[in-house]
Amino acid sequence: MTQKLKRRLDPQTVPSELQGLLAEWKAIDGTDIRGTLLHDSLADDGTVHVREETVSWSEQDLTTLTPARYYLLQNWVKEYHCDCDVTTLSTRAFMQPSFKRFGETFHAETSSSNNSHIYYKGPGDSISAGTIQVIFTHTRNMKKKNTTTETFFIVKQYKAIPKHYEKYDAFQRFPVVAGRLYRQSYYDGETIISIRELLYHFALASIAIPEIPFPCIVALPLDR
């Protein structure tokens with residue numbers, strides 16, 4: 001996409017009303033914007049969220065997943081990777097306090113509360129907000145006898161505010177800000193996501209809305 005933009009943002013053809021935008025683009029072009037929302041928005045496809053995993057640990061470094069988290073992993077593999085041999089899916093994984101993707105570092109809540117709040121893709125490309133509880137890297141067998149290694153995030157999801165209260169969420173009137181209100185509480189249980197579903201951090205603040213009779217938070221995406 002960046003190459004397409006370069007061809008279209010020609011000073012000779014861009015209208016005068018957009019000359020300011022052209023100046024901003026020139027200021028950005030050539031700078032390192034990895035790990036920012038702008039970088040994600042300019043990416044051609046979803047590969048920006050995927051990286052090759054390198055195994056640098058041994059069997060003795062692995063931890064056994066709890067039954068509930070192993071169940072989440074099983075269901076994720078069944079849904080997204082039917083070419084995996086689920087019958088041999090290991091219950092053991094390498095626990096990580098943090099995960100770095102380009103210039104952005106994500107932490108489990110116990111390691112860094114501020115860096116554990118994330119937006120992520122939910123079912124049907126919906127956007128959800130939550131807090132990372134655990135980060136682990138897991139190796140699984142594929143049906144063609146090879147293996148694949150992937151990092152996962154166990155997340156507690158913030159409750160969405162009921163539909164009839166959304167009219168009091170002023171942040172939704174400003175899509176460019178991309179912030180929104182959530183209840184100041186989590187749904188029961190946990191969910192699992194991979195790097196592909198992980199989007200970006202958000203800043204969290206408690207907020208009182210007179211028309212809403214329960215505590216809320218506002219989640220504002222961070223361009224890091």
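The values are calculated or read from the model by the stated rules, or taken from the named source; none is laboratory data. Please read all numbers here as calculations on a predicted model, not as lab measurements. So basically every Cβ, Gly included, is an ideal-geometry build from the backbone, and we count neighbours across all protein chains shown.
Among the residues that make up the range 150-161, is at least one of them out of contact with any helix residue (DSSP H, G or I) (no Cβ under 8 Å at 6 or more places or on another chain) and more than 23 Å from Leu222 (Cα to Cα)? Checking the range 150-161: at least one residue is out of contact with any helix residue (DSSP H, G or I) (no Cβ under 8 Å at 6 or more places or on another chain) and more than 23 Å from Leu222 (Cα to Cα).
Checked against the criterion of being touching an Asp or Glu at 6+ places or on another chain (Cβ under 8 Å), assigned to a strand (DSSP E or B) and buried (at least 17 other Cβ atoms within 10 Å of the Cβ), the range 91-103 has at least one qualifying residue.
Could we say that Arg101 is touching a Gly at 6+ places or on another chain (Cβ under 9 Å), assigned by TED's automatic domain parsing to the domain that holds Asn75 and over 30 Å from Ile209 (Cβ atoms) here? Yes; evaluated as a whole, the condition is true for this residue.
Among the residues making up the range 83-134, those that are within 17 Å of Phe202 (Cα to Cα) and basic (Lys, Arg) are Lys100, Arg101, Lys121. The set of residues in the range 106-126 that are at pLDDT 90 or above, of a type outside the set (Phe, Trp, Tyr), out of contact with any His (no Cβ under 9 Å at 6 or more places or on another chain) and not in a loop (DSSP other than H, G, I, E, B) comprises His107, Lys121.
Of everything in the range 140-173 that's of a type in the set (S, T, N, Q) and buried (at least 17 other Cβ atoms within 10 Å of the Cβ), which residue is farthest from Thr105 (Cα to Cα)? Across the range 140-173, the extreme among qualifying residues is Gln157.
So how many residues does the range 58-74 have that are in contact (Cβ under 8 Å) with a residue 40 or more places away in the chain and either acidic (Asp, Glu) or surrounded by 13 or more Cβ atoms within 10 Å (Cβ to Cβ) (or both)? Full working, then the answer.
Quick first cut of the range 58-74, residues in contact (Cβ under 8 Å) with a residue 40 or more places away in the chain only: 63, 65, 68-69, 72-73.
This time we only want the ones that are either acidic (Asp, Glu) or surrounded by 13 or more Cβ atoms within 10 Å (Cβ to Cβ) (or both), so: 65, 69, 72-73.
Total satisfying the criteria: 4.
How many residues does the range 164-199 contain that are polar (S, T, N, Q), under 15 Å from Ile127 (Cα atoms) and assigned to a strand (DSSP E or B)? Qualifying residue count, the range 164-199: 2.
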